[in-house]
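Read-outs: derived from the displayed coordinates by stated rules, not from any lab. For clarity, every value in this text was computed on a predicted model and none was experimentally measured. Every residue, glycine among them, receives a Cβ derived from its backbone with ideal geometry; neighbour counts consider all protein chains shown.
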């Protein structure tokens, strides 16, 4: 969680205020979406064979209901088949049997509106608890009735189209997945590890399981052996001769590049930093990540078959250090780059997703297997 100083808060308030004003008053602010939508898709085969490039921008810590709960036509707050809790209440009605009497915590709470017109602070609200234990307890073996005791009252806060107009416009223009879940009910790094490798090693065969934010940075050489020992998707692409790249600013990636936790990359970092897979997955770039992506796109080699983008903290959309508006600005810039060549864009799949939900409420229970022990041991 990032705690802003008053000076930083005022500075960010000015940035977001200007951004919100631009979104509401500038006709061309959504030009990136309009251009992307206007370019016909390549449909030579009418199948996945038409796709030549995949670009994935993984952002930080927002839940579906928090952003899109009020969007028409999705399984948000208008869901006709919401889960019922054991007490008979629908899942929206969360309870806290022992609220802190000295705080603003409520005993019973429905989803409530983060109205930034009345309080700009909602744009910068601090994150909510989102580690393994409190995530498991909030889920309560699928009963979904322990959000307030484990996530605080902020868990039930949501935005509307007024606060996230770019995200709504992007969703309306393209495809929005309303049954979207994080891979594991915990925090950032475990979910990013799964995204980049397909597993968190649940049976502890290769230095897992990854359930908390461990190995986020490169440690000393004697800790190489502690790195995760299974193969990542980038390595599989490398072995198959398929071009790929992870774009980041190594001085500010908000510790969101999970490749740093894997033994292969840790070994290369300390012993062979010129290895091609290391340069592709970690690199040496210290400039803004969006500029690195622009240079990659315009390079002689061009856009790889698969590209992952890891943003700086300011643009990650993570509660506290970033905002929806700053995330929208970054996403819009990525779209501008991708659509600068209509032919390339027509053959590109661009995926924007979120690693996990922070501690923000989502009413749909994720798919899960039964827990083996009552105290949530893996």
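Structure summary
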| read-out | value |
| --- | --- |
| DSSP bridge pairs, the chain: antiparallel proportion in percent, nearest 5 | 15 percent |
| Exposure proxy ranking, count of Cβ atoms within 10 Å, fewest first, for 289, 183, 274 | 274, 183, 289 |
| Modelled label reach - residue 369, point 7 Å along Cα→Cβ, the stretch 182-203 residues with backbone N closer than 11 Å | 202-203 |
| Cα gyration tensor shape of the stretch 189-324, rounded if a/c is under 1.5, else prolate or oblate by comparing a/b with b/c | oblate |
| Global geometry of the stretch 6-354, whether rounded, prolate or oblate, following the gyration tensor of its Cα atoms and the 1.5 cut on a/c | oblate |
| Cα→Cβ-extended label distance, 7 Å offset, between residue 343 and residue 205, nm | 4.5 nm |
| C-alpha center-to-center spacing [the stretch 24-84, the stretch 154-183] in angstrom | 8 Å |
| Residue order, fewest to most surrounding Cβ atoms within 10 angstrom, among 43, 192, 80 | 80, 43, 192 |
| Principal axis box of the stretch 140-218, alpha-carbon based, largest edge first, Å | 46, 33, 26 |
| Global form of the stretch 182-221, assessed from the alpha-carbon gyration tensor, a/c cut-off 1.5 | oblate |
| Burial ranking of peptide ranges 175-181, 332-338 (average Cβ count within 10 Å, highest at the top) | 332-338, 175-181 |
| Residue 177-residue 45 FRET efficiency (beta carbon distance; Förster radius 35 Å; 0.05 resolution) | 0.90 |
| Residue-averaged 222 nm ellipticity for the chain, from DSSP H runs of 4+ at -39500 (n - 2.57), nearest 500 | -8500 deg cm²/dmol |
| Order of 254, 228 under a 10 Å beta carbon neighbour criterion, fewest first | 254, 228 |
| Length released on extending from residue 80 to residue 236, taking residue separation times 0.36 nm less the Cα-Cα span | 52.0 nm |
